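Everything on this sheet refers to the single structure shown next.
The values are calculated or read from the model by the stated rules, or taken from the named source; none is laboratory data. Keep in mind it's a predicted model, so treat the numbers as computed, not measured. Please note: Cβ atoms are built from the backbone with ideal geometry, for glycine as well, and neighbour counts cover all protein chains shown. SASA here: full protein model, heavy atoms, side chains in, ligands and nucleic acids out. Shrake-Rupley method; radii C 1.70, N 1.55, O 1.52, S 1.80 Å.
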Amino acid sequence: MFHGSIKAGNLFGTTVLDDGATANWTGKPAPELPSYVPSWRDPIELVQGDLSNWTERSPDWVSNWSIQDGMLVNSAAGSDLISVAKFGDFKMIAEYKYPKDSNSGIYLRGRYEFQILDDFASGANGVGSSAAIYGFLAPSKNAILAPDEWNTAEITLIGRHVTVVLNGETVIDNQEIPGITGGALDSDEGYPGPMFVQGDHGPVTFRRLTVHPGLRL
């Protein structure tokens, strides 16, 4: 049960946790994040020669991330990986492959998950399918390639409006994301956030994660 009240347009209250302790919580209205046509700045490559530009999300978990042959590789389920750099609006080119039955994702600004999933054989295109913004936006078609083949995704996020082109197919076209994905780092949607690549589900390999930050004209 949650108890709360509105003060100065925000919510403040308490709830009782499973262990009986009382926790304070706050809530505020989601910010306005309109779409616009940006100017793109110089690209930033997140796949580098080592992992110094990343941090582990769960340091007490095993981390199976490494750089192999110039690629960012997660060999087994373990900790997620969070970029040190933070981004507002951006266009990202991601080149990745996954083994059979694997599951991963890229959290855009650490808040909205671009789904990576082995559903090639099923051809599914729901809100949990390949290239979906998990739980919210379904791709118009299943454009994922078979396991162990290289996929190329171009993901443009302006405010809350996202466009996804997977392997040359526009599967999400400037749609508004209604909220954060479960597992998000935070809910402060009006602020820049890092990319995080999901490592707690299964193996995945990225040979490119190139981010072009957007500049409002």
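Assessment of the stretch 42-65 against the conditions (closer than 28 Å to Ser130 by Cα, in contact with a His (Cβ under 8 Å, 6 or more places away or on another chain), at pLDDT 95 or above and not in a strand (DSSP E or B)) yields at least one matching residue. For residues in the stretch 175-217 being over 13 Å from Arg111 (Cβ atoms) and of a type in the set (A, V, I, L, M), which is modelled with the lowest pLDDT? Restricting to residues being over 13 Å from Arg111 (Cβ atoms) and of a type in the set (A, V, I, L, M), the top hit is Leu217. Restricting attention to the stretch 1-24 and to residues that are closer than 30 Å to Ile158 by Cβ and either surrounded by fewer than 10 Cβ atoms within 10 Å (Cβ to Cβ) or aromatic (Phe, Trp, Tyr) (or both), the residue that is nearest to the chain's Cα centre (by Cα) turns out to be Gly9.
Scanning the stretch 43-74 for residues that are open to solvent by less than 70 Å² (accessible area, probe 1.4 Å), farther than 17 Å from Gly193 by Cα and among the hydroxyl-bearing types (Ser, Thr, Tyr) returns Ser58, Ser63, Ser66. Taking the stretch 130-144 as the range and being closer than 28 Å to Pro213 by Cβ and not small (Gly, Ala, Ser) as the test, the residues that pass are Ile133, Tyr134, Phe136, Leu137, Pro139, Ile144.
Every listed requirement among (1) among the hydrophobic types (A, V, I, L, M, F, W, C); (2) out of contact with any Gly (no Cβ under 9 Å at 6 or more places or on another chain); (3) more than 30 Å from Gly159 (Cβ to Cβ); (4) open to solvent by less than 50 Å² (accessible area, probe 1.4 Å) is met by Ile106 save one, (3).
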